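Working notes, structure below.
The values are calculated or read from the model by the stated rules, or taken from the named source; none is laboratory data. What you are looking at is a predicted structure, and each value in this text was computed from that prediction instead of being measured. All Cβ positions, glycine included, derive from the backbone under ideal geometry; neighbour counts span all protein chains shown. Areas reflect the complete protein model, heavy atoms only, side chains present, ligands, DNA and RNA absent. Shrake-Rupley method; radii C 1.70, N 1.55, O 1.52, S 1.80 Å.
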Amino acid sequence: MIVLKNTSETQKQRYGLPYNRPETYYHSEYKMNHNRGFQGRKRGVNYIWNKFDRKNSNFDHPGAPYAMGVKRRRERYSYEDQYFLTVWDDRKTEQDETDLDDENGPEEKWYKVTIPSGRKYEKTWLMNSIQNLCSVPFVPVDFHYDKNRARFFVQNAKTASALKDVSYRICDEASRKISIFVSPSVVPYSVQNKFTSEQMEHLKISMMNRYDASQKALDLEKFRFDQDLMDKDIDMMLNRRSCMVATLQIIESNIPELLSLNLKNNKLYQLDGLSDMTEKAPHVKILNLSRNKLKSITELEKVKELKLEELWLEGNPFCNCFSDHSEYISTIRDLFPKLLRLDGKELIVPTGMDIEAPQPCKKTCNEPELIKNLVLQFLKEYYLFYDNGDRLRLLDAYHDQACFSLSVPFNVSDPDLNNLEEYFKYNRDIKKQQDSYMRMQLLKHTKHDIVNSLILLPKTQHDLCSFWVDLCFHTEMMLCFSVNGLFKEVEGKCQGCIRAFTRIFIAIPCSDSRICIMNDELIVRNASPKEIQKAFTSSPAPHISFKPLISEEQQEMVKSFSEQSGMKLDWSQKCLEDNEWDYTKAGEAFIALQNEGKIPKEFFK
């Protein structure tokens, strides 16, 4: 504190200070004569002192539940032999702040703990990391996110000091040290507005009346207007953290098995109060937040640790911030990877989802003939319906939530590329297709959309003798196989054109020992001159050859047998398979059949 005194005559002589006290002292803008008082609108220094002495409510009022106002003590010194001077004193009084290092501080003192970049860390990981390094056990109160910061409160000077020592001792995955700031605070908002035991009992009764035990579902839609609570004069605004904390406490104590929570139409504009759901209601799989006031997608990060399977968000302002529906689904799925339904609509299970990995079926792997017959029968029936103009009958071949896409390889050396225009308009190439909405439209969902799109493709006739089938993968839960072959168009301006195709099916078992398609990818191109020459030349009854997975050694055996026998590769392989890959035995069988004239000419090159 600085006090400037008037120098005495002795001091003036000692230091050589010229000093003449003016009879009139005035402000440069508002002059005041001490003898005559104010002249018009002139204002003197006393006015300015009085203005400084006025109470400023902005400093005394905290302004927000967790804000600290600026506290300064003003002192004005006025002595006969001194200048009039107002002095700011920034020294804090004992009531302003308690030293964090003082372990004997008052037990009722509250402290605010702030992690500046805490939002990018999951609450569970962050709190566990702090708890592990803190020398004093503590219970965080009102954990919440404020912009990029994470905050909570503790009530104890010793705990606050221990938390302060944890700062810069925690490192994240990028080896960045995490800072922690601790400061005195007002009583947390939820503690200030804590419900009485009587109110909690009324709240419990109202919630249990809304609980469906058979579905393990709690319906809190428009909970503020619950008649029982209104009769008891309990204002239950779930947007208030104290109200949501009380709700979760009752769920934890009385409905720990809760699976579905409906918070529709509660005017929620932030989800701070739901950040404890992982601990209080860990089994919740269905959450309804529709028709609320959520303006930012970042609010959902506060509940992203929930393993949700169904989520309702429609009717919130942030839903209108996406360029298209696919972006909306993708963003929500990034937060909730296990989500199966969004706003009541089924979602396609993405690749790489965290589901139980199927185990290979040893029995069927040891019996390839069974799989072979299943796949061949499926393909025979599928293309029978596909080519005979009644493609609606293919509905039974697809799962309700199946997917289908069509691709056309772009070959600049193909002179007849233009005659594929009927396929190019359905071509789905995510590298070239920049419009995310069109990408989603070209990916057909549900069996009805798939069959409707197949009906639009040109009518065809497939050369079943050209089919080359490969079994890629097989488990008890899934079967993946591909088929390559040729077909020709039988109508339209490209009638008679020969096309080559590759089709990849992913199927699952269904009733009656049949398989059901989950994913279907069709690739169409113009056939090469050599393929065109061989197309539709076989006279025997349609037959589909099957090529199970074989090793490199077996492939060499097939190639060698084909060269020595003159048969095509597929028939050479079949001959070896029928003789259990015994090369000598297969050769003897081939010679015996050839001598008897039982090998058709079409089997040879």
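Taking the Cα centre of the range 200-305 as origin and charging only Cβ (+1 Lys, Arg; -1 Asp, Glu), how large is the dipole, in debye to the nearest 20?
Numbers: 17 positive and 17 negative charges, 89 e Å.
Approximately 420 debye in magnitude.
Ignoring ligands, DNA and RNA, please state the percent of accessible area on the range 230-317 from carbon and sulfur, probe 1.4 Å. Working shown, then result.
Numbers: 1600 of 3550 Å².
After summing per-atom areas, the C and S share lands at 45 percent.
For Met440 and Thr331 in the same chain, what is the full-extension length gain: residue separation times 0.36 nm, less their Cα-Cα distance, in nm? The partial results should precede the final answer.
On the way: separation 109, 0.36 × 109 = 39.24 nm, distance 1.47 nm.
The Met440-Thr331 span can extend by a further 37.8 nm.
Report the per residue volume, in Å³, of the convex hull enclosing the C-alpha atoms of the range 411-492. Write down the numbers at each step before the final one.
Details: hull volume 14.3 nm³, N = 82.
Convex hull of Cα atoms, per residue: 175 Å³.
For labels at Asp470 and Val141 in the simple 7 Å Cα→Cβ model, what's the distance in nm?
Placing both labels 7 Å along Cα→Cβ, they lie 6.7 nm apart.
Just round it to a whole percent: the fraction of Cα-Cα distances in the range 118-166 exceeding 13 Å.
Numbers: 672 of 1176 pairs.
I get 57 percent for the Cα pairs in the range 118-166 exceeding 13 Å.
So how much slack lies between Ser482 and Lys605, counting 0.36 nm per residue of separation and subtracting their Cα-Cα distance, in nm? Kindly include the intermediate steps, with their values, before the conclusion.
Numbers: separation 123, 0.36 × 123 = 44.28 nm, distance 2.43 nm.
Here the answer is 41.9 nm.
Which of the residue pairs Lys267/Lys307; Lys280/Lys345; Lys123/Lys338; Lys425/Lys493; Lys267/Lys338; Lys345/Lys432 have a Cα-Cα distance greater than 22 Å in the structure shown?
On the way: Lys267/Lys307 24 Å; Lys280/Lys345 28 Å; Lys123/Lys338 19 Å; Lys425/Lys493 16 Å; Lys267/Lys338 27 Å; Lys345/Lys432 29 Å.
Table pairs above 22 Å Cα-Cα are Lys267/Lys307; Lys280/Lys345; Lys267/Lys338; Lys345/Lys432.
So if R0 is 41 Å, what FRET efficiency would Arg149 and His283 give, r being the distance between their Cβ atoms, rounded to the nearest 0.05?
On the way: r = 30 Å, r/R0 = 0.73.
Result of the calculation: an efficiency of 0.85.
Translational diffusion coefficient of the range 146-230 at 4 °C, 1.567 mPa s, Stokes-Einstein with Kirkwood Rh over Cα pairs, in µm²/s as a whole number. Write out the running numbers ahead of the final one.
Working: Rh = 17.2 Å.
Translational D for this selection: 75 µm²/s.
So between Asn418 and Asp231, what do we pick up on full extension, going 0.36 nm a residue minus the alpha carbon distance? Kindly include the intermediate steps, with their values, before the conclusion.
Numbers: separation 187, 0.36 × 187 = 67.32 nm, distance 7.53 nm.
Full-extension gain reported as 59.8 nm.
Ser197: net charge of surrounding residues, Cβ under 14 Å, Lys/Arg +1, Asp/Glu -1, itself excluded? Working shown, then result.
On the way: positive: Lys194, Lys204, Lys232; negative: Glu198, Glu201.
Overall, the nearby charge balance is +1.
From the cross-link list Lys222/Lys295; Lys120/Lys147; Lys534/Lys568, which pairs have alpha carbons spaced over 22 Å apart? Mind showing how you got there, number by number?
Working: Lys222/Lys295 19 Å; Lys120/Lys147 11 Å; Lys534/Lys568 13 Å.
Result: no pair exceeds 22 Å.
So with the 1.4 Å probe, I'd like the accessible area per residue for the range 154-296, rounded to whole Å².
Working: 7160 Å² over 143 residues.
In whole numbers, the range 154-296 has 50 Å² accessible per residue.
Using +1 on the beta carbon of Lys and Arg, -1 on that of Asp and Glu, and nothing else charged, what's the dipole of the range 128-199 about the Cα centre, debye to 20? Spell out each step's value before the answer.
Values: 9 positive and 6 negative charges, 50 e Å.
Taking the Cα centre of the range 128-199 as origin, the dipole is about 240 debye.
Under a point spin-label approximation (7 Å from Cα along Cα-to-Cβ), what is the Lys493-Ala589 distance to one decimal in nm?
5.2
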